[in-house]
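All of the numbers you see were taken from the coordinates with simple rules; none came from a lab. Since we're looking at a predicted model, the values are computed, not measured. With ideal geometry, Cβ positions are generated from the backbone for all residues, glycine too; neighbour counts draw on all protein chains shown.
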Amino acid sequence: MLTDTHAHLNADAFNEDREEVIARARENGVTRIVNIGFNRETIPTSLALAEAYDFIWAAVGWHPQDAVDMLPEDLGWIEELCRHEKVVAIGEIGLDYYWDTSPKDVQDRVFREQIRLARRIGKPIIIHNRDAHEDILKVLKEEKAAEVGGIMHCFSGSWETAKLCMDMNFHISFGGPVTFKNAKQPKEVLQKVPLDRLLVETDSPYLTPHPHRGKRNESSYVRLVAEAAAELKGISFEELAAITTENAVKLLKLT
Ligand SMILES: [Zn+2]
Ligand SMILES: [Zn+2]
């Protein structure tokens, strides 16, 4: 039993062999996948996958990199899709100061609008944060995100930041980087995060774990993340897989 809380199975990288990739995840014990649609193109394809497979759910939201493309009516579109029984969260949303493809003020507005929507309709949120730790915390606090909580996806911040996020009702999700030899900080933070706040993910096709680093990532590799996490936590793989799945099921109602 394993849950990949963040995948992009709808990505073009899977166009040649998507069905095999999904089958391989199942064969490797992945019993639940949350697939993320994050802009006008990927929201419908993500939803289609969730409709086609009973063990895939969808999150829908507007990514900060695409913030400039979001039209006023898109917020209503996301709200409408949130009524779909397989849509379990709004995301991924947040701030990305690394790529900087959308101006910061536009990212800030789009992020805040989606948190307000999540609070209005009572959906958890999935947060994308790249080089924006301080502003993410500020916005989450100002917009009272604690009311809905959610997931800090592929967490890369400090323990201090993790604590503040958990204070605001968020779970901390780790991906491929915890399998890298040189990734000191995520490993240290993972060791400190309480088991009942811990999640694992792939963010596939990106962020491929060791020893496949440099190649395409896929949901079956969440096993490698979970194995690394179990070792860091000093518990068995089975235990870690069960606890993180239970956390995801409870938070996102994956039933
Ligand atoms: Zn992301
Ligand atoms: Zn993602």
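With the Kirkwood sum run over all distinct C-alpha pairs, segment 1-81 has a hydrodynamic radius of 13.3 Å. By the count of other C-beta atoms within 10 Å, a proxy for reagent exposure, T202, T208 are ordered fewest to most as T208, T202. For the chain, taking the reciprocal of the average inverse distance between every pair of different Cα atoms yields a Kirkwood hydrodynamic radius of 17.8 Å. Sites listed here are trypsin sites (Lys or Arg not before Pro) in segment 139-168 whose DSSP assignment is loop and whose Cβ has at most 14 other Cβ atoms within 10 Å: K144. Looking at the chain alone, DSSP beta bridges between its own residues are antiparallel in about 0 percent of cases. A cut-off of 5 Å between modelled amide H atoms, ignoring neighbours fewer than 5 places along the same chain, links A89 with V60. Listing S220, S156, S236 from fewest to most neighbouring C-beta atoms within 10 Å gives S236, S156, S220. Proximity of backbone amide H atoms, modeled 1.01 Å from N, is registered between H6 and V34, T202, D203 at under 5 Å, excluding neighbours fewer than 5 places apart on the same chain.
Note on segment 1-25 and segment 204-252: Cα centroid distance 14 Å, given to the nearest whole angstrom. The ellipsoid equivalent to the alpha-carbon distribution of segment 189-255 has semi-axes of 20, 15, 10 angstrom, derived from the gyration tensor eigenvalues as √(5λ) and listed largest first.
Computed over segment 107-255, the P(r) tail beyond 28 angstrom holds 17 percent of alpha carbon pairs. Put in line by how crowded their Cβ is, counting other Cβ atoms within 10 Å and starting with the fewest, F38, F174 read F38, F174.
In order along segment 16-30, the Karplus-derived 3J(HN,Hα) couplings, from 6.51 cos²θ - 1.76 cosθ + 1.60 at θ = phi - 60°, round to 6, 8, 3, 5, 5, 4, 5, 5, 4, 4, 4, 4, 9, x, 7 Hz, and Gly and Pro are given as x. Rounded to the nearest 20, the Cβ-based charge dipole of the chain about its Cα centre (Lys and Arg +1, Asp and Glu -1) stands at 680 debye.
For a quick check of your reading of the filter: which GluC sites (Glu not before Pro) in segment 217-255 sit in a DSSP loop and have no more than 16 other Cβ atoms within 10 Å?
Passing sites in segment 217-255 do not exist.
Backbone phi angles across segment 240-255, fed through the Karplus curve with coefficients 6.51, -1.76 and 1.60 (θ = phi - 60°), yield HN-Hα couplings of 5, 4, 5, 5, 5, 5, 4, 4, 5, 4, 5, 5, 9, 6, 8, 10 Hz in residue order; Gly and Pro are listed as x.
Taking every pair of distinct Cα atoms and averaging 1/r, then inverting, what Kirkwood hydrodynamic radius in Å comes out for segment 23-124?
About 14.0 Å for segment 23-124.
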